[in-house]
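Worksheet: the structure to be examined is printed underneath.
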Amino acid sequence: MLERSACYTIQPKGILVIGHTDQLDDNAMRMTFELARRNLQNPEVITFDELLARAKNLLLNEEKEIKPPSLPVDGAPGL
């Protein structure tokens, strides 16, 4: 179906969601986790709490784009 529309996926993005950053008890564990995930090309490794934070950030940005600009109290357009 995608071939008919000349749409091809060259390098699909994979995401592996695992664990929670609270499980990384000390600095050595955090560093090991960061080094391991930075050396992977595909999939991207994120934790559940990072995924939640990304989703919240997307929703907040979407809400900001949807809200119309507010007018000053007197009803005159603001500059």
> How large is the accessible surface per residue of region 1-64, computed with a 1.4 Å probe and reported in Å² as a whole number?
Replying inline: 88
>> Could you give each residue of region 26-37 its phi-based ³J(HN,Hα) in whole Hz, using Karplus coefficients 6.51, -1.76, 1.60 with θ = phi - 60°, and x for Gly or Pro?
In response: 10, 4, 4, 5, 4, 5, 4, 4, 4, 5, 5, 6
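What chymotrypsin sites (Phe, Trp or Tyr not before Pro) in region 1-58 are in a loop by DSSP, with at most 10 other Cβ atoms within 10 Å of the Cβ? Could you put the intermediate results ahead of the total?
Details: sites: 8, 33, 48; in loops: 8.
Filter output for region 1-58: 8.
Going by average Cβ neighbours within 10 Å, how do the peptides 36-45, 57-66 rank, with the highest at the top?
Those peptides, ordered most packed to least, come out 36-45, 57-66.
The values are calculated or read from the model by the stated rules, or taken from the named source; none is laboratory data. These numbers were taken from a predicted model, which means no experiment stands behind them. As a convention, Cβ positions derive from the backbone with ideal geometry for all residues, glycine included, and neighbour counts pool all protein chains shown. Heads up: the accessible areas ignore ligands, DNA and RNA and are worked out on the full protein's heavy atoms, side chains in. Shrake-Rupley method; radii C 1.70, N 1.55, O 1.52, S 1.80 Å.
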